[in-house]
Amino acid sequence: MLNAECPMLNDKPLIGITPCSRVEDYVESVRRAGAEPLVLSNSDDPGMVLDRIDGVLLTGGLDVDPAFYSEAPHDRTKADPERDRFEIPLSQQALARDVPVFAICRGVQVLNVAAGGTLVQDIPSAIASDLDHAVDVPKDAIAHPIRLTPGTRLASSLGWSATLETCAVNSRHHQAVGTVAPSFVVSAVSPDGVIEAIERPAGSFCIGVQWHPENFWRTGEFAGLFEEFVAAAARRHGARHGER
């Protein structure tokens, strides 16, 4: 649980990471990008969390309850009510305060729903495709390419990938962004049309991706994404603490 009286360990930006079963790679990715990671608790108060941290990392996990976007659950939907109760308001308040947000897998789905969008509840049932979006082993196995939208923040953060306009990614999901939330744009799609990334152009940093870039911290293919996220968090940290 976040302790509001606990001072920062150093002058690095503090990134709040939502709890999940595979949190270690998120923590290491944040550290390597130059920030201090803090794994949050689902019992934390979202407003108090945002008073203390400089960026929010929304992690992977089970599905978002479709009641949040006014749909009945699909047979394959497996919601996580405890996480929803914390992460939906956390995301909404982060957007309202323009706190930098990086959302991954379930995280991009939470972000889109929190901002007013919907989800595809089950890709195999809804989309005719030869692509496998659920390649679980090994966790950094390449599943398919994606096409980046030129001129987006995602494309510029990925550097060489933006030049090629394509990128190879891993994939472990059966849901995806459906109707994109207002104020967001699509920044990547897979060959079968599944939305692989969204972003909020007006935000200081607000990107959500469907794949798992945190699994590549050893080889650095997606280090630029974490570095851009941490840079935005560092700017917020500096502004909050009166730095010039």
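The values are calculated or read from the model by the stated rules, or taken from the named source; none is laboratory data. All figures in this text were calculated on a predicted structure; none of them were measured in a lab. A quick note on method: Cβ atoms are made from the backbone with ideal geometry, for glycine too, and the neighbour counts reach across all protein chains shown. These area figures cover heavy atoms from the full protein model, side chains too; ligands, DNA and RNA do not enter into them. Shrake-Rupley method; radii C 1.70, N 1.55, O 1.52, S 1.80 Å.
Here's the picture: charge each Lys and Arg Cβ at +1 and each Asp and Glu Cβ at -1 in the chain, and of 220, 189, 238 the one pushed furthest to the positive end of that dipole is 238. Is the shape of region 183-244 best called rounded, prolate or oblate, per the rule: a/c under 1.5 gives rounded, else a/b larger than b/c gives prolate, else oblate, with a ≥ b ≥ c the square roots of the Cα gyration tensor eigenvalues? Because a/c hits 1.5 or more and a/b fails to exceed b/c, region 183-244 counts as oblate.
Computed about its Cα centre, the charge dipole of the chain is approximately 540 debye, with only Lys, Arg, Asp and Glu carrying charge at their Cβ.
Pop out the carbon and sulfur fraction of the accessible area of the chain as a percent, whole number, probe 1.4 Å. Carbon and sulfur: 53 percent of the exposed surface of the chain. For the chain, the solvent-accessible area with a 1.4 angstrom probe is 43 square angstrom per residue. Helix 81-97 axis versus longest C-alpha principal axis of the chain: approximately 60°, rounded to the nearest ten. Full extension of the chain between residue 166 and residue 71 yields a length gain of 30.9 nm, computed as 0.36 nm times the residue separation minus the alpha carbon distance. If you plug the beta carbon distance of residue 51 and residue 202 into 1/(1 + (r/R0)^6) with R0 = 25 Å, you get a FRET efficiency near 0.65. For a test of the definition: using alpha carbon positions, the gyration tensor, and the 1.5 limit on a/c, classify region 137-244 as rounded, prolate or oblate. Prolate is the answer for region 137-244, as a/c is 1.5 or above and a/b outweighs b/c. Each Lys and Arg Cβ is given +1 and each Asp and Glu Cβ -1; about its Cα centre, region 158-218 then shows a dipole of about 140 debye.
Bridge orientation summary for the chain: considering DSSP beta bridges with both residues in this region, about 55 percent are antiparallel. Given axes a ≥ b ≥ c from the Cα gyration tensor, I'd like to know whether region 23-153 is rounded (a/c under 1.5), prolate (a/b larger than b/c) or oblate. It comes out oblate by the Cα gyration axes.
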